[in-house]
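Here the structure is laid out as structure tokens; the discussion comes afterwards.
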Amino acid sequence: MRRCKALCRKGKKKQTCMVCRTVLPVLKTLAKIALSVYAALFTVFYFNLDTKLFYRIMPILNKYHYDVMPAKDFAESIKGRNDTDK
């Protein structure tokens, strides 16, 4: 293994320090994950893929969810709520 010149003490010759063995690989992995997530989100929003996907999903939602819901008149449900002269 090579010795980290910036982080290891000069007295250690053949082994690397604890920081080089544990912390740096974790930081590299987190940086790769963050870069991948950023690239994926950038691609989705740059090409407007979220809206295109929603455009494809809405007919399915309308067919199985919104058309099955009972229709009610909103004006009738709030009638009489703001009567202050009672």
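Bear in mind that the values in this text are calculations on the coordinates, not laboratory data. Model, not experiment: these values are computed from the prediction. No Cβ is skipped: glycine too gets one built from the backbone with ideal geometry, and neighbour counts run over all protein chains shown.
Extension gain for Val23 to Asn48 (0.36 nm times residue separation, less C-alpha to C-alpha distance): 5.3 nm. Treating r as the C-beta distance of Ala34 and His65 and R0 as 30 Å, the FRET efficiency rounds to 0.25.
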